[in-house]
1. Got at least one residue in region 64-72 being within 18 Å of Ser6 (Cα to Cα), touching a helix residue (DSSP H, G or I) at 6+ places or on another chain (Cβ under 7 Å) and charged (D, E, K, R)?
2. Restricting to region 84-105, and then to whatever is more than 20 Å from Val1 (Cα to Cα) and in contact with a Lys or Arg (Cβ under 7 Å, 6 or more places away or on another chain), can you tell me which residue is least open to solvent (accessible area, probe 1.4 Å)?
3. Does Gly117 qualify as being buried (at least 18 other Cβ atoms within 10 Å of the Cβ) and not aliphatic (A, V, I, L, M)?
4. Would you check which residues across region 54-63 are surrounded by fewer than 15 Cβ atoms within 10 Å (Cβ to Cβ), within 19 Å of Arg44 (Cβ to Cβ) and not hydroxyl-bearing (Ser, Thr, Tyr) and list them?
5. Consider Leu104 against the criteria (1) more than 15 Å from Thr57 (Cα to Cα); (2) modelled with pLDDT under 95: it satisfies all of them except one. Which criterion is unmet?
6. So is Glu81 open to solvent by 50 Å² or more (accessible area, probe 1.4 Å) and either within 15 Å of Val1 (Cβ to Cβ) or not basic (Lys, Arg) (or both) or not?
7. Sort out which residues of region 94-123 are touching a Gly at 6+ places or on another chain (Cβ under 8 Å) and without any contact (Cβ under 8 Å) to a residue 12 or more places away in the chain, and write them in order of number.
Amino acid sequence: VQLQASGGGLVQAGASLRLSCTFSGRFFSNYVMGWFRQAPGKERDFVATIHGNGATTRYADSVKGRFSISRDNGKKTVYLEINSLEPEDTAVHYCAADASIVRLSDQPYEYEFWGRGTLVTVSS
């Protein structure tokens with residue numbers, strides 16, 4: 001399995017972005033997909049996760065209402081829509097995948113596969 005995140009960039013506060021993560025491998029719909037982010041000098045934090053069938057999602061409290069995770073199993077892609085960006089959202093955003101976890105985990109160690117991340121920089 002390989003994951004490739006894209007869609008980051010430099011934006012002004014208040015703008016929106018849609019991040020994408022493409023999955024290379026088989027049985028994409030068997031994988032729980034997650035988004036995490038890591039700001040400079042900080043630990044990697046959970047952002048959102050989505051079940052393989054797309055029916056169930058989970059968000060970090062800090063992003064509820066502004067972030068939306070979705071997936072297109074036909075395109076083997078998971079998305080993270082970010083609205084009303086704030087300078088505090090500046091971070092490298094990573095997508096992750098795992099086929100063995102049975103719940104929507106917010107723990108990085110439970111995800112086996114990781115992409116290289118895409119940088120989101122928000123200016124004030």
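The values are calculated or read from the model by the stated rules, or taken from the named source; none is laboratory data. These numbers were taken from a predicted model, which means no experiment stands behind them. Don't worry about glycine lacking a Cβ; one is built from the backbone with ideal geometry, like all the others, and counts go over all protein chains shown. The accessibility values were calculated without ligands, DNA or RNA, using every heavy atom of the protein model including side chains. Shrake-Rupley method; radii C 1.70, N 1.55, O 1.52, S 1.80 Å.
1. Scanning region 64-72 turns up no residue that is within 18 Å of Ser6 (Cα to Cα), touching a helix residue (DSSP H, G or I) at 6+ places or on another chain (Cβ under 7 Å) and charged (D, E, K, R).
2. Looking at the filtered set, the residue picked out is Ala91.
3. yes
4. Asp61
5. Result: Leu104 fails condition (1) only.
6. Yes, satisfied.
7. none
Every residue, every condition in (1) more than 21 Å from Ser105 (Cβ to Cβ); (2) part of a strand (DSSP E or B); (3) open to solvent by 30 Å² or more (accessible area, probe 1.4 Å); (4) not small (Gly, Ala, Ser), yes or no:
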residue	(1), (2), (3), (4)
Ala5	no, yes, no, no
Leu10	yes, yes, yes, yes
Ser20	yes, yes, no, no
Gly34	no, yes, no, no
Ala48	no, yes, no, no
